[in-house]
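**Student:** Below is the structure I would like to discuss, written out as structure tokens.
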Amino acid sequence: MPVACDMSSNIGTVEVPWEKFGIVYMGSQKNLGTAGCTVMVIREDLLGKAEPDVPILCDWTTHENSPDTYYNTPAVFPMYITGLYCKYMNRMGGLDYYIEQANKRGKHVWDYIDNCGGYYTSKITDTQYRSRVNICFRVAGGNEALEELFVEEAKKYGIVQIKGHTFNPGIRVSMYNSMPFDGAKYLVEFMKFFKSKYRCLPKL
């Protein structure tokens with residue numbers, strides 16, 4: 001059974017065992033470039049097997065057979081930016097450097113969560129399943145009023161788009177490759193500040 005994997009969040013931050021996957025796809029906007037470009041790595045034996053009702057632009061063979069021309073007009077600018085950013089990543093030290101940076105950022109935030117006395121918590125207690133890139137946590141045991149306040153207060157300090165998903169509420173902090181380690185340090189300092197300022201509010 002071919003395995004398909006969305007690696008948008010962690011591509012460029014981890015070694016990939018390519019032999020285990022039939023197809024890997026990733027939006028470049030998180031770790032590789034800007035929005036509007038999708039990178040796909042497809043095992044050759046999966047080409048040419050599209051169902052008859054698959055739209056032609058979703059048939060991977062269409063793209064494989066067009067090395068110097070295109071069936072459609074591609075989004076050239078985001079592809080160009082993605083190429084430039086990948087070159088920049090190589091100049092910075094390549095995959096080894098970005099793995100190190102992702103580990104460093106993730107460890108800094110997780111260490112604080114684990115040692116803050118229970119004010120911030122995560123349901124992901126098994127450390128081997130914790131993301132170094134997208135860190136999800138609750139405030140004061142899932143106090144929704146306090147979490148809303150956390151999001152609003154964070155905006156004042158330039159920390160935005162951190163509200164958790166509907167099916168995984170709380171706080172979700174994303175630290176992609178363009179985030180320097182100082183960004184993780186800044187986040188932890190804000191978390192310390194918020195904890196000292198707001199101890200607990202009634203649950204909604």
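Values in this text are rule-based calculations from the coordinates and carry no lab data. No experiment lies behind these values; they were computed from the predicted model shown. Cβ sites come from the backbone with ideal geometry, for glycine too, and all protein chains shown count toward neighbours.
**Student:** Below 13 Å, Cα to Cα, which aspartates and glutamates can K197 reach? Residues fewer than 8 away in the same chain don't count.
**Tutor:** E153, E189
**Student:** Putting +1 on Lys and Arg Cβ atoms and -1 on Asp and Glu Cβ atoms, find which of I56, Y71, I11 reaches farthest to the positive end of the dipole of region 4-92.
**Tutor:** So the residue we want is I11.
**Student:** Now, a different point. E148 to K185: FRET efficiency via 1/(1 + (r/R0)^6), r the Cβ-Cβ distance, R0 25 Å, to the nearest 0.05? List each step's numbers first, then the result.
**Tutor:** Working: r = 25 Å, r/R0 = 0.99.
It comes out at approximately 0.50.
**Student:** Could you rank the peptides 137-143, 155-161 by their average count of other C-beta atoms within 10 Å per residue, with the highest value first? Mind showing how you got there, number by number?
**Tutor:** Values: 137-143: 19.3, 155-161: 11.3.
In decreasing order of mean packing, 137-143, 155-161 become 137-143, 155-161.
**Student:** What value does the chain have for Rg/Rh, both radii from Cα atoms and Rh as Kirkwood defines it? Present the calculation step by step, with values, prior to reporting the outcome.
**Tutor:** Details: Rg = 20.3 Å, Rh = 19.4 Å.
Radius of gyration relative to Kirkwood radius: 1.05.
**Student:** With unit charges on the beta carbon (Lys/Arg positive, Asp/Glu negative), name the residue among L95, G27, Y157 whose Cα is farthest towards the positive pole of the charge dipole of the chain.
**Tutor:** Selected residue: Y157.
**Student:** Might you report the magnitude of the Cβ-based charge dipole of the chain about its Cα centre, with Lys and Arg at +1 and Asp and Glu at -1, to the nearest 20 debye?
**Tutor:** Dipole size: approximately 1160 debye.
**Student:** Give the lysines whose C-alpha is closer than 21 Å to that of K195, dropping any in the same chain fewer than 8 places away, or say none.
**Tutor:** Within reach: K107, K123, K155, K156, K163, K185, K203.
**Student:** Which helices count as membrane-span-like in the chain under these terms: full DSSP H, at least 15 Å along the axis by C-alpha, Kyte-Doolittle mean of -0.5 or more?
**Tutor:** Working: long enough: 76-92 (24 Å, 0.29); 94-114 (30 Å, -1.11); 144-156 (19 Å, -0.55); 181-197 (24 Å, -0.13).
Taking the DSSP H segments of the chain (at least 15 Å long, mean hydropathy at least -0.5), we get 76-92, 181-197.
**Student:** What is the Cα centroid distance between region 1-16 and region 109-152, reported in whole angstrom?
**Tutor:** 24 Å
**Student:** Any lysines with Cα under 24 Å of the K20 Cα? List them, leaving off those in the same chain fewer than 8 positions away.
**Tutor:** K30, K49
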